[in-house]
């Protein structure tokens, strides 16, 4: 083996040693930069190689949010490609999903994440006071977050939807499809089942609140109970129809 090959191996071993012992808190800096503060890693322990903490999803003002426990371990084979790729699990789940982290980009693939309905209020502040309930499952086929950009697609399903402002429960089951083309994320909403029929489209661009325009339709037997809730976030058009405009 030549002298230069030995030097190269020495540098590689040194770099590997730095990664193996670097503190887990460095991940927080990458998350904050790539998500413009929307994602943070709190209570981090361990190293870049493996560790645990609390992943926080914060609102547009970065003052409130929700947190989930997270554990990770690196996949060493990807270091040869110049990538930091991790196997990640949330809330002690047995299924792990890959997350690739670089200085300015985070990519998540094949992930199923359970969320409380209150998470909707983080993305759309107008929904936060409604006391939303139900179970949400976010399936990420692939999403890549960069500086002011999102690419890929995901699906959010909300089952057993409800609100503290109405006794009608459940309101229904709904599905929101998300498509990111880099500059913005496009969203389309449809009703799977339930008395409150919702549909519409929206978009989100970095540095701005999400915008959504849609329709709500209420059957006559539920009009008296649901109209007060819908009037908080929508314009009543008559005959059980409401226009939703969320910004």
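In the stretch 73-84, what residues are part of a strand (DSSP E or B) and either at pLDDT below 90 or under 16 Å from the mean Cα position of the chain (by Cα) (or both)? It would help to see each step written out before you state the result.
Filtering the stretch 73-84 down to residues part of a strand (DSSP E or B) leaves 73-74, 84.
Those that are part of a strand (DSSP E or B) and either at pLDDT below 90 or under 16 Å from the mean Cα position of the chain (by Cα) (or both): 74, 84.
Can you find even one residue in the stretch 202-211 that is assigned by TED's automatic domain parsing to the domain that holds residue 115, more than 28 Å from residue 102 (Cβ to Cβ) and surrounded by 15 or more Cβ atoms within 10 Å (Cβ to Cβ)? Even if it seems obvious, please write down each step before you answer.
First pass over the stretch 202-211, keeping only residues assigned by TED's automatic domain parsing to the domain that holds residue 115: 202-211.
Filter again for more than 28 Å from residue 102 (Cβ to Cβ), leaving 202, 211.
Within this subset, residues satisfying the condition of being surrounded by 15 or more Cβ atoms within 10 Å (Cβ to Cβ) are 202, 211.
Yes, the stretch 202-211 contains a residue that is assigned by TED's automatic domain parsing to the domain that holds residue 115, more than 28 Å from residue 102 (Cβ to Cβ) and surrounded by 15 or more Cβ atoms within 10 Å (Cβ to Cβ).
Could you pull out the residue among 161, 227, 154 that is in contact with a strand residue (DSSP E or B) (Cβ under 9 Å, 6 or more places away or on another chain) and farther than 18 Å from residue 119 by Cα?
Working: 161 fails: farther than 18 Å from residue 119 by Cα; 154 fails: farther than 18 Å from residue 119 by Cα.
Result of the check over 161, 227, 154: 227.
Which of the residues belonging to the stretch 202-220 are more than 25 Å from the chain's Cα centre (by Cα) and either closer than 30 Å to residue 147 by Cα or touching a residue at least 24 places away in the same chain (Cβ under 8 Å) (or both)?
217, 218, 219
In this structure, is residue 55 outside the structural domain of residue 150 (by TED's automatic domain parsing), modelled with pLDDT of 75 or more, in contact with a strand residue (DSSP E or B) (Cβ under 9 Å, 6 or more places away or on another chain) and over 22 Å from residue 149 (Cα atoms)? Spell out how you get there, then give the answer.
Details: outside the structural domain of residue 150 (by TED's automatic domain parsing): yes; modelled with pLDDT of 75 or more: yes; in contact with a strand residue (DSSP E or B) (Cβ under 9 Å, 6 or more places away or on another chain): yes; over 22 Å from residue 149 (Cα atoms): no.
Against the criterion (outside the structural domain of residue 150 (by TED's automatic domain parsing), modelled with pLDDT of 75 or more, in contact with a strand residue (DSSP E or B) (Cβ under 9 Å, 6 or more places away or on another chain) and over 22 Å from residue 149 (Cα atoms)), residue 55 does not qualify.
Can you tell which of 130, 120, 143, 156 is within 26 Å of residue 213 (Cα to Cα), modelled with pLDDT under 90 and crowded, with 18+ Cβ neighbours inside 10 Å?
Values: 130 fails: modelled with pLDDT under 90; 143 fails: modelled with pLDDT under 90; 156 fails: modelled with pLDDT under 90.
Answer to the selection: 120.
Of all the residues that make up the stretch 86-117, how many are more than 15 Å from the chain's Cα centre (by Cα), surrounded by 19 or more Cβ atoms within 10 Å (Cβ to Cβ) and free of Cβ contacts under 8 Å to residues at least 60 places away in the same chain?
Of the residues in the stretch 86-117, 1 are more than 15 Å from the chain's Cα centre (by Cα), surrounded by 19 or more Cβ atoms within 10 Å (Cβ to Cβ) and free of Cβ contacts under 8 Å to residues at least 60 places away in the same chain.
The values are calculated or read from the model by the stated rules, or taken from the named source; none is laboratory data. None of the values given here were measured: they were computed from a predicted structure. Note that we place each Cβ from the backbone using ideal geometry, even for glycine, and neighbour counts take in every protein chain shown.
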